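Below is one structure, written out as structure tokens, with a few remarks after it.
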Amino acid sequence: MVFNCKACGAALKGSDISFDTGIAICEHCQAVMSFAEDLNVSSAQDLPILVKAKVGRPENVDIEDTPLRLRLSRRWYHPGLFLLLFFCIAWNAFLIGWYTMGSQMGEDGVIGLIMFIFPIGHVAVGVSLAYGVIAGFLNRTTVEVSASELSVRHGPIPWKGNQRLAASDISQIYCKASKAAVRREATAVLQPTLYAKLKDDRRIKLLGKMGELETLRYLEQRLEERLWIRDRSVPGEYAS
């Protein structure tokens, strides 16, 4: 949903309007107006309104903010990828050497067959590892929201987790610990995950590896602001 100033016609930002009263103040002409009817602020809600501290913009998040869309993106690259790269090269170099040796013993059918079949699982690991390292160096996650749609894209190397949701179907954006994080809680390693709660009560995972909790909470804050969503408590979310 997009709101425009009733005086000058400029597009309003989420920060220009109070979700509790529906009163907006245009930052361009300072006109005061009400959108209480459009936001249905008098309707009863099952979930309590939350007041969270504002999260500053993380340095690793790039932002493109226009009246028509908000785009937030982050590269996957991190220095630890070089360690994975060296390990990947060593792993796959061993496999190449193994199969080279196996091809030289090809006259013995049984031994050649054994040498071909034995490392199949290792080949799968090597291919997956190489794919992940390449994606880590090249990929970027982009979250984009417009008046009609929220999308999450990973690329240019194809990766699972792309999402497209109708903006009108979203009731909340929130962060919580993923199941993997709960299982590893004893080691104090947390993996916060960003979810969208839809109006039909479905929960859709948006992001799980875009950064630390503060990065995801910044995204939650900006997306809800752009979608004109009042932040309300969702069971299991990080509340502070």
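Keeping all protein chains in place and using 1.4 angstrom, which order do Tyr195, Tyr131 fall into by accessible surface area, from largest down?
Values: Tyr195 45, Tyr131 100 Å².
Correct descending sequence by accessible area is Tyr131, Tyr195.
May I ask for the net charge around Asn162, where only other residues with Cβ less than 12 Å from the Cβ of Asn162 are counted and Lys, Arg are +1 while Asp, Glu are -1? Don't skip to the end; give the middle numbers.
Numbers: positive: Arg153, Lys160, Arg164, Lys205; negative: Glu144.
After counting each charged neighbour, the total is +3.
Could you pull the accessible area for Cys175 with a 1.4 Å probe, rounded to 10 Å²?
We get 0 Å² for Cys175.
The values are calculated or read from the model by the stated rules, or taken from the named source; none is laboratory data. What you are looking at is a predicted structure, and each value in this text was computed from that prediction instead of being measured. Note that we place each Cβ from the backbone using ideal geometry, even for glycine, and neighbour counts take in every protein chain shown. Only protein heavy atoms, including side chains, enter the accessible area calculation; ligands, DNA and RNA are left aside. Shrake-Rupley method; radii C 1.70, N 1.55, O 1.52, S 1.80 Å.
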